[in-house]
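Shown next, in structure tokens, is the structure this report addresses.
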Amino acid sequence: MTVISSRPSSPNSNDAPRLITAPPLLRAKGLRKTYGRIVAVDEVSLEVYPGEVMGIVGESGSGKSTVLRLLNLEEPADVGAYTLDIPDYAGVNLFTLERFARRMVQIQHIGIVYQNPYLGLRMRYTSSGNVAERLLITGERRFSTLREAARSWLAASEFPLDRMDDPPRKLSGGMQQRVQLAKAIALKPRVLLLDEPTTGLDVSVQALVLDTLKRLQRELHLAMVLVSHDLGVIRTLADRVLVMRGGRVIESGLTDQVLEDPQDAYTQQLVHAKL
Ligand SMILES: Nc1ncnc2c1ncn2[C@@H]1O[C@H](COP(=O)(O)OP(=O)(O)O)[C@@H](O)[C@H]1O
Ligand SMILES: [Mg+2]
């Protein structure tokens, strides 16, 4: 595994200035998304560097999931630009791509884990089949090879392999999230998007899933955008954090700084309520 010198040893370490040499992997600028008269997201901009974890916090309805859907190219923003530093598309506003090209970028370069496993998985396929399906795009069709690859990604996600032929609907919430994770990383994306990945899990299970996420993030040098209303989750994983309210970013900075010394009155309220 390559160790990038610009990355601090601990995700939240503040002791050394971050030496950023690579350009941002992900840039979103001025995103706006409306649904009828509801402004779900407005003037949201963010940059995420290779191997960096960007957290997004905010109360329910603040626009967090909408930002992730935009970053996952599930729908285009009404206004704004989104670029990824990936071959063939550097500098291209991905919202302008045709549907097929957008889908290819999404599959090859972006992984996503939803809070609700029904959004991310086919609940009646086997768990290994869910991961193998993702690998079909590589052109591989041999069942044994696909199954072996699926097994190794499930193992990387610390999924209990004796359950790999069970459909997700028969699994616990923690196991379902591990299948989603295996599927999300199976094509080695540069960016992993996580929408409340551990919300609703038992606290002890949540801690184990977070450990797995942290390890995979380091080993695969993933850039992550992690949405959570849980400041503990953000503190554990995120290098930097954006605080959203009413569709806008109201505060941003290094996670430790924002959580220890919030400047905005709303963030102060959030921090004091949750910690
Ligand atoms: N598909 C949609 N249709 C209509 N309104 C939506 C849709 N998605 C989100 N919204 C609205 O946009 C706002 C932000 O929602 P969301 O991004 O889900 O917030 P969060 O994830 O922070 O809870 C909310 O008012 C929500 O009701
Ligand atoms: Mg949400």
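Would you work out the charge dipole size for segment 26-274 about its Cα centre, treating the Cβ of every Lys and Arg as +1 and the Cβ of every Asp and Glu as -1, and quote it to the nearest 20 debye?
Numbers: 32 positive and 30 negative charges, 188 e Å.
For this selection, approximately 900 debye.
Please give the net charge around residue 206, taking every other residue with its beta carbon less than 12 angstrom from that of residue 206, where Lys and Arg add +1 and Asp and Glu add -1. All intermediate terms of the calculation are to be shown ahead of the outcome.
Values: positive: none; negative: 196, 202, 211, 230.
It works out to a net charge of -4.
Once fully extended, how much extra length lies between residue 90 and residue 133, figured as 0.36 nm per residue of separation less the alpha-carbon to alpha-carbon distance?
Numbers: separation 43, 0.36 × 43 = 15.48 nm, distance 2.76 nm.
Difference between extended and current length: 12.7 nm.
State, to one decimal in nm², a quarter of the convex hull surface area for the C-alpha atoms of segment 26-274, i.e. the direction-averaged projected area. Mind dumping the intermediate values first?
Working: hull surface 53.5 nm².
That works out to 13.4 nm².
Note down the relative contact order for the chain as a percent, whole number, built from C-alpha pairs under 8 angstrom at least six residues apart. List each step's numbers first, then the result.
Values: 519 pairs, mean separation 70.3, N = 275.
Value for the chain: 26 percent.
By how many degrees, 0 to 90 and rounded to 10, does the Cα axis of helix 203-219 deviate from the longest principal axis of the chain?
Helix 203-219 sits roughly 90 degrees off the main axis of the chain.
Based only on other Cβ atoms within 10 Å, what is the fewest-to-most ordering of 69, 122, 103?
Details: 69 19, 122 15, 103 12.
Ascending Cβ contact count within 10 Å gives the list 103, 122, 69.
Got a sec? How would 264, 165, 42 order by Cβ neighbour count within 10 Å, fewest to most?
Values: 264 14, 165 11, 42 18.
Listing 264, 165, 42 from fewest to most nearby Cβ atoms yields 165, 264, 42.
Helix 265-274: angle to the longest alpha-carbon principal axis of the chain, degrees 0 to 90, nearest 10?
Roughly 50 degrees between the two axes.
How many nm is it between the label spots at residue 60 and residue 141, if each spot is 7 Å from the Cα in line with the beta carbon?
4.8 nm
Just going by the charge dipole of the chain, with Lys and Arg at +1 and Asp and Glu at -1 on Cβ, which of 262, 65, 112 is farthest out on the positive end?
It is 112, whose Cα lies furthest towards the positive end.
Between residue 219 and residue 35, what is the spin-label point distance in nm, taking each point 7 Å from the Cα along the Cα→C-beta axis?
According to this spin-label approximation, the distance is 3.7 nm.
What are the equivalent ellipsoid semi-axes of segment 187-275, built from the alpha-carbon gyration tensor (square roots of five times its eigenvalues), in whole angstrom, biggest first? Could the numbers behind the result be given before it?
Details: eigenvalues 109, 48, 27 Å².
For segment 187-275, the ellipsoid semi-axes come out as 23, 16, 12 Å.
Assuming 0.36 nm per residue, please report the length gained on full extension of the stretch residue 250 to residue 119 beyond their Cα-Cα distance.
Numbers: separation 131, 0.36 × 131 = 47.16 nm, distance 2.88 nm.
The residue 250-residue 119 span can extend by a further 44.3 nm.
How much length is gained if the chain between residue 101 and residue 188 is pulled fully straight, taking 0.36 nm per residue apart and subtracting their Cα-Cα distance, in nm to one decimal?
Gain on extension, residue 101 to residue 188, equals 29.5 nm.
Could you list 164, 54, 123 in order of exposure, starting from the residue whose Cβ has the fewest other Cβ atoms within 10 Å?
123, 164, 54
Since every read-out is calculated from the coordinates, none of them should be taken as a lab result. Model, not experiment: these values are computed from the prediction. Every residue, glycine as well, gets a Cβ built from its backbone with ideal geometry; the counts of neighbours run over all protein chains shown.
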